[in-house]
1. Residue check, VAL404 against (1) touching a Cys at 6+ places or on another chain (Cβ under 8 Å); (2) among the β-branched types (Val, Ile, Thr); (3) in a helix (DSSP H, G or I), all met but one. Which one?
2. If you check every pair at least six apart or on different chains, which have Cβ atoms under 6 Å apart with a residue in the range 175-191 that is more than 14 Å from ASP70 (Cα to Cα) first and a residue that is part of a loop (DSSP other than H, G, I, E, B) and of a type in the set (Val, Ile, Thr) second?
3. Does the range 306-313 include one or more residues that are touching an Asp or Glu at 6+ places or on another chain (Cβ under 6 Å), in contact (Cβ under 8 Å) with a residue 40 or more places away in the chain and not polar (S, T, N, Q)?
4. For the range 282-357, give me every one of the strands (runs of 3 or more DSSP E) that falls completely inside it and has 1 or more residues that are of a type in the set (A, V, I, L, M, F, W, C).
5. Given the structure, is LEU270 of a type in the set (A, V, I, L, M, F, W, C), in a strand (DSSP E or B), touching a Ser or Thr at 6+ places or on another chain (Cβ under 7 Å) and modelled with pLDDT of 90 or more?
6. Does at least one position in the range 479-486 carry a residue that is under 30 Å from LYS371 (Cβ atoms), assigned by TED's automatic domain parsing to the domain that holds VAL366, part of a loop (DSSP other than H, G, I, E, B) and not aromatic (Phe, Trp, Tyr)?
7. For the range 430-446, which positions are assigned to a helix (DSSP H, G or I) and more than 13 Å from the chain's Cα centre (by Cα)?
8. Within the range 206-249, restricting attention to residues that are hydrophobic (A, V, I, L, M, F, W, C) and closer than 30 Å to ILE107 by Cα, which residue is surrounded by the most Cβ atoms within 10 Å (Cβ to Cβ)?
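The values are calculated or read from the model by the stated rules, or taken from the named source; none is laboratory data. Because the structure is a prediction, the values reported are computed rather than measured. Counting neighbours? That spans all protein chains shown, and the Cβs are built from the backbone with ideal geometry, glycine included.
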Amino acid sequence: MLVSPRLVLTQLLSHNPLAQIDYQKIATKFTDQGIHVFKKGTTGYNDSIRHVLQNGSRPSAFAVQPLDVDQLAKTMVILSENRVPFGIKGCGSSWNPGASSTNGVQIYMTFFDKIDFSNEAYIDVGAGCLWAQVYAAMENSGKNVVGGIGGVATFLLGAAYSLSKSNQYGLTIDHILEMEIVLPNGKVMTVKEDGEGSDLFEALKGGGNNFGVVTRFRLKTHDQGPIWGGTFVFRNECETEVTNAINTFIREEMRREETHREPSCREAELFATFRSFVTDGELKHDISVTCVYDGPKPERNPWASFVGISEKAGALKDSRQTNGVSYDINRLSDIRSYTIVDALMSESFPGPQNHNTRGRLGCIMVNGYNKALINTIASEAKVAAQEMKTRGGKLLSFPFFPCVTSIFNNSKPAAWPHSRDRVIVPLSAYFLWEGQENDEFWSVRMQTTLNNIKAVARREGYIYEDSPEYPTLAFGTTNAEEIYRENLDKLVAIRKKYDPDNVMGLTGGFKIPLLIKKPILTKKTSGAKKGEHGRQLLKLYDTVVIVDDSSSMCEEDRWAHAQQAVEGIAEVAAQYDSDGIDLHFINSTQVGTRLTRTEHVMYLCCQAELVGNTQIGAKLGALLWEYIAKITTARKQAPSSRYSIKRMNLIVVTDGDTTDGDSDFDVLASVITGAAKRLKSDGWPPNQVGISFVQVGNADDAEKYLQHLDDDLSKQNEIPDMVDTTRYHPEQLDDALLSKILLGGISRVYDRDV
């Protein structure tokens, strides 16, 4: 029986991607364990899903707020046994959409907010705490930690440069003494440098939420004496003088350790930010420079040039307030407490003014700065801001801080590579805007701007090409290989040990795979010339990629491999499809059209939530019949345009692991057969449409059936052979395999290739 286009569209529109999971039944499992469930519309639900940025939140099925470790362990067991997507929110300060939010079950760690400072050698901090709470708890104690800003858990699990302490002490992760963690199977462990779980302790330092849910951190303390400094805010007119002063500080002060053997230069931190913002409908630019000397006022003022610029410009000495803490601007003075330092540093990452604000963070890693690079940051910041008024822009901020060459002298083994002999620091971008329709624009604008700055940094010799990306600020499309580099093999083994069933693959964040991914197109083959010749055929086609975002893609490393395949497909196809490729998902309603850049494609993939069924037939049928209607109408209106209408090359990346088994396969076969017969009866060429299935994962039944569609469907139904199937193996990805994926559905030559 053939499936009509009307029926296919009805199936697609009525399909609920969450229907596969009975969330009411799941909620009952929680209440049976004494865990309160917060349903939609309640205050507890709203508090649980709310993030600092609007695009960081997702409408969860329901939320839970575990009261203690025991309830959290029960929570993980329920999620694990029922394969339920979930999000883990500490304070809601995660910047990448989907990193700590979900359409499944939202875990809110609000009750893990305890701080214990009963021993002055260390402080125990709950995963639901803010750094401001930590500093307040240590007020007037003569002790402090190498901390950050925002949420504690997000910061510590993401590598952690301290904005005012790293020059002296290095990364915050190197000062973690122990962690308590609930594993995916519900087991509770306390891990430290020695003893059981020492490998897990190392992996958690910068390893994100790949191994379980961390509930508590024990941080080493150090002596804290007087602090001196302040923040300057300069008008745009002072840009040349300020950039010169920043460069002078870097050249003379930050290198005194080398030139004058003065380790005291480590105590002088400078944090500069080029900012653009819209106030009262007017686009403005300024530069903030935060100066913190971790000690009493020094005899020689390392920031004297900034004082001179401020006085010359007649800058107003005023006070401001951030997070309820008041501080002075445009003057240097004794700083009464470290909570003020926290507020000063937060000046470059101000929170949104309302719940409608959306945003992103990103960065590139550099090993130093000079005048040319600093001037590039300033100029690119203005170029990026040109459309703020028309695109809902609120703030564009480019923060950076120079560091001493000894910054990693205290480095210890961790997930995130940071060796003592190689200095790298993040050069950041922080964008705020309003309007979901502007999300892609500002995300791409940020990536483009950072790429432009990186090009200059590379030219000036301040880029290590194999530097690890910084997970705290990395763009959402970054993969685990780019973050963990030489440590990835070891981390994969540790993840297999503690999360063999890939439960943490059901939540967001940068995922360490259970199998090693291989770099795309590192292997050239003898078929490369043939592939290049054949790829010219792609110019005649609109390339449409359909990505399987069903729940079964959580299994093994299917989603990681799917993303890798899509990245390779997009990279090549966009070179030949002049008006860009289209991207669809089986379940998500997100659609990307006319995408000409790979990062646009990967941005959409990173937004996908893996829920729902593998109903390929419904999605494929909708697109096929929409295309048939389009070309039929076009031919009626202009018969001579028959051969000028671009053909369609559909590439479906899927595991083929259907929920309803044969019935789903029957729908898929019927959809293809029906479309092919219609194209044939209407007199369209045999290769007007091609369908290439790319199978990831090891579902053997799916492989057999997809191969059946490839080998037998055309013969059994007397239709053109428009189907090809390729089993995807990441370790075998080369030019020949990629050509088969791209051309197998539209060229019988490549259909026969293996």
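1. Of everything listed in (1) touching a Cys at 6+ places or on another chain (Cβ under 8 Å); (2) among the β-branched types (Val, Ile, Thr); (3) in a helix (DSSP H, G or I), VAL404 misses just condition (3).
2. Filtered contacts from the range 175-191: HIS175/VAL146.
3. yes
4. Strands (runs of 3 or more DSSP E) meeting the threshold: 282-293, 325-329, 333-335.
5. Taking the combined requirement at face value, the residue does not satisfy it.
6. Among the residues of the range 479-486, not one is under 30 Å from LYS371 (Cβ atoms), assigned by TED's automatic domain parsing to the domain that holds VAL366, part of a loop (DSSP other than H, G, I, E, B) and not aromatic (Phe, Trp, Tyr), which makes the answer no.
7. Result: GLN436, GLU437, ASN438, ASP439, GLU440, PHE441, TRP442, VAL444, ARG445, MET446.
8. Checked the range 206-249; the qualifying residue surrounded by the most Cβ atoms within 10 Å (Cβ to Cβ) is PHE217.
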